[in-house]
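Contents: one structure, followed by commentary.
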Amino acid sequence: MKPVIAMDGPAGSGKGTIAKKLASHFNFAYLDTGMLYRAIAHLGIEVGKIEELSAAEILKTAREIPMSVLKSDIVGLKASKIAKSPEIREVMTRLQRDFVVCPGDNHRGSVLDGRDIGTVVIPDAVCKIFVTASPEIRATRRFRSLKRNNDQITYAEVLESLIARDKQDQSREIAPLTLNDAYVVLDTSKETVRESFLRAIKIVENSLKSVEP
Ligand code: DC
């Protein structure tokens, strides 16, 4: 299997932004697993149907939904709710594993970001990064981004919804968001995106030394 970089962390930590930049920097395929959960939650796709789909097919269907809807807090909370289901997690895990087996001939490996990539989906990922930031900083970032599409939204609402989602994602019985010793922690609270990205590059380069000559 080609090397996998697992990026886990809470909502608004910046993991998606950094994961995407890392994938392009290292020429790895990128999979936003949160987007898969958001798409099936929003579209109400049943477990039986998910079994027939690939990650690429779900993402293709998701492209028909406006990004402002998919990325909204309402859909985020819905995704977090359905993500508690053992049946859904089982099929989602399978399709994420299929993705890393075939990331494409022109890709050196894959980068996946989510909540349980390094703990459950790909436990032998060559590099595991736990991206985090304080709840207030994460809420500020999300508030700024959500405000572009919804000028009624308040910071207090965003913070409340983020804390509710953190709690749901960390306390569920199956595959909760958990930090263990295998992860390198990347706290982005006091950094620009570029600073976090440069630190992440070093972490990945270091891990890849063990698998690539
Ligand atoms: O990364 P995100 O905020 O777009 O994810 C939306 C929700 O999907 C998240 O709150 C919980 C769920 N999720 C999950 O349970 N496991 C993943 N690997 C990714 C997302």
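The values are calculated or read from the model by the stated rules, or taken from the named source; none is laboratory data. Computed from a predicted model, the values in this text were never measured in an experiment. No Cβ is skipped: glycine too gets one built from the backbone with ideal geometry, and neighbour counts run over all protein chains shown. Side chains are part of the model used for accessible areas, which takes the heavy atoms of the whole protein and leaves out ligands, DNA and RNA. Shrake-Rupley method; radii C 1.70, N 1.55, O 1.52, S 1.80 Å.
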Worksheet item: List, please: which pairs have Cβ atoms under 9 Å, are six or more places apart or on different chains, and start with a residue in region 55-74 that is free of Cβ contacts under 8 Å to residues at least 40 places away in the same chain and of a type in the set (A, V, I, L, M, F, W, C) and end with one that is open to solvent by less than 50 Å² (accessible area, probe 1.4 Å) and not in a helix (DSSP H, G or I)?
Response: Ile58/Ile45; Leu59/Leu31; Leu59/Asp32
Worksheet item: Wholly within region 1-96, which helices (runs of 4 or more DSSP H) include no fewer than the required count, namely at least 2 residues that are open to solvent by 70 Å² or more (accessible area, probe 1.4 Å) and within 11 Å of the ligand (Cβ to nearest atom)?
Response: 73-82
Discussion item. Given the criteria assigned to a loop (DSSP other than H, G, I, E, B), at pLDDT below 95 and either within 12 Å of the ligand (Cβ to nearest atom) or within 24 Å of Ile74 (Cα to Cα) (or both), does Asn106 qualify?
Written reply: no
Worksheet entry | Close pairs (8 angstrom Cβ cut-off, 6 or more residues apart or separate chains): among the charged types (D, E, K, R) in region 33-45, more than 7 Å from the ligand (Cβ to nearest atom) and open to solvent by 30 Å² or more (accessible area, probe 1.4 Å) anywhere | Arg38/Lys71; Arg38/Lys78
Response to the item:
The number of residues in region 32-89 that are over 16 Å from the mean Cα position of the chain (by Cα) and β-branched (Val, Ile, Thr) is 8
Response to the item:
Going through region 146-172 in order, the residues found to be closer than 13 Å to Gly12 by Cβ and among the β-branched types (Val, Ile, Thr) are Val158, Ile163
Item to complete: Please work out if Asp113 is closer than 26 Å to Leu53 by Cβ, touching an Asp or Glu at 6+ places or on another chain (Cβ under 8 Å) and more than 9 Å from the ligand (Cβ to nearest atom).
Response: no
Worksheet item: Quick one: which of Ala156, Ala175, Ala182 is modelled with pLDDT of 95 or more and within 16 Å of the chain's Cα centre (by Cα)?
Response: Ala175
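Test Leu177 against the criterion of being out of contact with any Ser or Thr (no Cβ under 9 Å at 6 or more places or on another chain), within 12 Å of the ligand (Cβ to nearest atom), more than 19 Å from Phe26 (Cβ to Cβ) and not β-branched (Val, Ile, Thr), and give yes or no.
no
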